[in-house]
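Comments concern the structure below.
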Amino acid sequence: MAVFEGQDDYGKTGGEAFRAACEVEGITVTTTENYQSGVDTDFSGQIAKILQTNPDTVYLSVLGGDVANVMRQFRQFGYKGAFLYGESLRSDVVDVS
């Protein structure tokens, strides 16, 4: 598992809770990267660092307005694994990603 989180309250608390749950279950979190919500739009540096750890799954603790762009950029970098996200995804978000 890897975690990609926003530096806002939603991203931080979601990421912290997810890492704690992984620890309880014995799941390895390979890395955590973050971004500034509402400011950053290019996540290539963070994605490259995450992909270097070869995670099977990436947990996204990001705001809804950013999730499609984040997922799309992961796919553009060749990531074929699964995403976990704490909210349901609208069909237009899935189409963009």
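The values are calculated or read from the model by the stated rules, or taken from the named source; none is laboratory data. These numbers come from a predicted model, not from an experiment. When we count neighbours, we look across all protein chains shown, and the Cβ atoms used for this are built from the backbone with ideal geometry, even at glycine. When the accessible area is computed, the model is the full protein with side chains, heavy atoms only, and any ligands, DNA or RNA have been set aside. Shrake-Rupley method; radii C 1.70, N 1.55, O 1.52, S 1.80 Å.
Amide H of Thr32: which non-local residues (sequence gap of 5 or more, or other chain) have their own amide H closer than 5 Å, using H built in the peptide plane?
Val3
Can you give the net charge of the other residues whose Cβ lies under 10 Å from the Cβ of Asn34, counting K and R as +1 and D and E as -1?
Surrounding charge for Asn34 is -3.
In Å², what does the accessible area per residue of the range 25-97 work out to with a 1.4 Å probe?
Value for the range 25-97: 57 Å² per residue.
What does the convex hull of the Cα atoms of the chain come to per residue, in Å³, rounded to a whole number?
Convex hull of Cα atoms, per residue: 86 Å³.
Compute, for the range 8-70, the length of the dipole vector about the Cα centre, with Cβ point charges of +1 (Lys, Arg) and -1 (Asp, Glu) only. Units Debye, rounded to 20.
100
Tally up the carbon and sulfur contribution to the accessible surface of the chain as a whole percent, 1.4 Å probe, everything protein left in place.
Carbon-and-sulfur percentage of accessible area, whole number: 48.
With both partners inside the chain, how many of the DSSP beta bridges are antiparallel, as a percent to the nearest 5?
If we restrict to bridges inside the chain, about 0 percent are antiparallel.
Mind ordering 67-80, 25-38 by average Cβ neighbours within 10 Å, highest first?
Those peptides, ordered most packed to least, come out 67-80, 25-38.
What full-extension length gain, to one decimal in nm, is calculated for Leu89 and Gln52 as 0.36 nm per residue of separation minus the Cα-Cα distance?
Result: 10.7 nm gained on full extension.
Of the candidates Gly45, Gly15, Gly64, which one comes out as most mobile in a Gaussian network treatment of the chain with C-alpha springs shorter than 10 Å?
Gly45
So what is the calculated 222 nm ellipticity per residue for the chain, using -39500 (n - 2.57) for each DSSP H run with n of 4 or more, over all residues, to the nearest 500 deg cm²/dmol?
Calculated from helices alone, the mean residue ellipticity at 222 nm is -14000 deg cm²/dmol.
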